[in-house]
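The values are calculated or read from the model by the stated rules, or taken from the named source; none is laboratory data. Keep in mind the model is a prediction, meaning the values are calculated, not measured. With ideal geometry, Cβ positions are generated from the backbone for all residues, glycine too; neighbour counts draw on all protein chains shown. Please note that ligands, DNA and RNA were not included when accessible areas were found on the heavy atoms of the full protein model with its side chains. Shrake-Rupley method; radii C 1.70, N 1.55, O 1.52, S 1.80 Å.
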Amino acid sequence: MTRPLLAVLALLVLLLLARRMARRTARRAATRAVRRFHARVNRFKLTRKPYIRATLLRDIEIAAAVRQHALQAGVTEADAWRRVEVYIGEIVPHFNILAYYKFGYGFSRAVLNLLYKVSLDYEDLGALERLPDDSTVIYLINHRSNADYVLLAYVLAGDVSISYAVGEWARAFPLEYVFKSFGSYFIRRRYREPLYHTVLERYVQLITRHGVTQGIFPEGGLTRDGRLRPAKIGLLDYALQVARDPAMAERMMLIPVALNYDRVLEDRTLLRELAREERGLRTPRRQQAGEVARYIGWNLLRLLGGRWQRYGRAAVTIGTPISIAAWLAEERVEEIGVFDLPRPERLPRVQMLCDRVMSRIGELVPVTAVALACAAIQSFESDFISHAALIARMAEMRDVLMELNARVLKADRDIAETFERAWRMLSMRRMLVREVGGSGFAVLPGQRMLVSYYANSIAHLLGPFEAGIRERDSLPAVRASRDIQLTP
């Protein structure tokens with residue numbers, strides 16, 4: 001055997017040994033990371049993608065959908081199966097413990113603590129702690145910012161890893177790889193092809209059946225006016241059908257989660273999109289990318305120049321679990337269960353459940369200092385408000401919120417201190433300007449929309465003040481049906 005050949009063989013052996021050592025080191029590091037966080041990692045999330053792909057390709061319902069698609073579209077079944085493989089490649093993630101608990105947690109902690117002071121509250125911590133270890137949990141969350149994914153994953157990192165349903169906006173390098181390594185799956189919004197939805201449905205049911213913890217945003221997109229949007233039931237309905245099995249129904253729990261911010265990073269962009277939507281236009285992706293680049297560049301300059309200030313609070317409230325078994329028992333009438341009904345009769349029941357959860361989310365929305373200050377500002381007709389009147393109105397509103405059991409952050413703090421914390425953000429955003437002499441404040445021209453946006457996040461909690469706040473809402477009403485009922 002010649003020396004060059006021996007050298008090649010030796011190199012191959014070294015590469016194989018190095019690969020084995022790297023895998024062993026990675027497994028040990030992953031084990032240490034999970035033990036450090038005392039987190040529950042669902043075993044099925046560690047299943048390799050080829051196995052999940054093979055499972056879906058053997059699914060009889062997907063096979064039936066392939067035959068139907070081939071007939072309707074006039075293509076061969078082989079072409080339809082290739083289409084299914086494309087969908088599986090898009091949807092199925094490749095969860096990586098090290099990516100989630102090392103890179104993901106470290107990155108989210110650094111970014112969130114740079115931008116915000118993070119608050120976490122529980123409606124009933126005991127109820128969450130009493131959940132069995134084999135519970136299948138689905139978090140339903142209001143959607144205010146693209147930071148929502150990072151925020152909730154960060155505050156729950158010590159308990160569980162979450163698989164999110166993520167829209168197409170994140171299917172760009174490197175976001176696609178990052179989200180998939182965190183266990184998130186991608187969905188095509190407003191894509192109506194039945195074959196695609198069959199593949200998505202069977203994947204969601206597969207991971208639900210195996211107990212994967214999921215995070216779903218029922219609104220289907222970011223709120224553009226600050227209010228909660230109507231709930232959409234597509235993904236939730238897919239997951240709930242697993243509860244046809246009584247044993248699965250006993251394990252399934254829905255947990256409402258409410259988020260709010262003193263500053264939503266995309267607030268001005270969302271308001272521009274709202275205005276364009278009113279005119280039937282959509283913001284081009286290139287323009288969106290340019291706005292993101294300008295935002296990052298500007299704030300990097302502020303950070304490097306020592307002028308950086310945090311954006312106040314990012315707050316999370318986690319609600320009491322809702323048992324699917326109990327819901328099915330409530331909905332059972334004369335021995336007829338929800339899943340015994342035809343689809344047109346079943347879906348309204350699921351919609352009522354989803355609306356009920358959204359109602360609970362609305363009640364749990366954290367009241368931040370900026371939201372309270374904006375609601376008080378909007379309750380006045382004049383653009384000029386005296387300091388004393390504004391402080392008094394904020395105090396009145398806080399009293400109402402406390403009487404109605406709202407989740408007011410730092411409710412025991414002096415109201416003047418609460419306003420000062422809000423003022424830092426309102427002045428930095430040029431929403432409010434202090435009159436010379438300091439006797440009052442004026443809302444700057446063109447900033448009413450931003451005031452309305454933050455006031456809308458808590459207006460539904462403000463009882464007697466709600467009507468006045470709604471009357472002075474300066475945002476365009478894109479659809480009259482956008483509001484949901486926020487009563488229990």
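Of note:
- Projected label distance in nm at residue 78 and residue 435, using a 7 Å step from Cα toward the beta-carbon: 8.0
- When only alpha carbons of the stretch 47-86 are considered, Rg and Dmax amount to 10.8, 35 Å.
- Convex hull volume per residue for the stretch 377-457, taking Cα atoms only, in Å³: 98
- Computed over the stretch 77-151, the ratio Rg/Rh where both radii use C-alpha atoms and Rh is Kirkwood: 1.11
- Within the same chain, lysines fewer than 8 places from residue 49 are excluded, and of the rest, those with a Cα less than 28 Å from its Cα are 102, 180.
- Proximal aspartates and glutamates to residue 45, defined as alpha-carbon separation beneath 18 angstrom and excluding residues fewer than eight positions away on the same chain: 90, 133, 134, 159, 176, 201
- q = 0.14 Å⁻¹, the stretch 93-252: log10 I(q)/I(0) [Debye, one scatterer per Cα]: -0.79
- Taking 0.36 nm per residue of separation and subtracting the Cα-Cα distance, full extension of the segment from residue 168 to residue 412 would add 83.6 nm.
- Accessible-area order (highest first, 1.4 angstrom probe) of the listed residues 59, 245, 412: 412, 245, 59
- Inter-probe distance in nm under a simple model that places probes 7 Å from Cα toward Cβ, at residue 125 and residue 86: 5.0
- Rounded FRET efficiency, nearest 0.05, which uses the C-beta distance separating residue 51 from residue 400 and R0 of 56 Å: 0.55
- Net charge in the neighbourhood of residue 364 (other residues with Cβ under 14 Å of its Cβ; Lys, Arg +1, Asp, Glu -1) is 0.
- The modelled label-to-label distance for the pair residue 117/residue 244, using points 7 Å beyond Cα in the direction of Cβ, is 5.2 nm.
- Each principal axis of the Cα cloud of the stretch 359-424 was evaluated for its coordinate range; sorted largest first, these ranges are 35, 24, 21 Å.
- Taking 21 Å as the straight-line reach from the Cα of residue 410, the lysines in range (excluding those fewer than 8 positions away in the same chain) are 117.
- Residue-span extension gain [residue 276 to residue 210] - 0.36 nm each, minus C-alpha spacing: 19.5 nm
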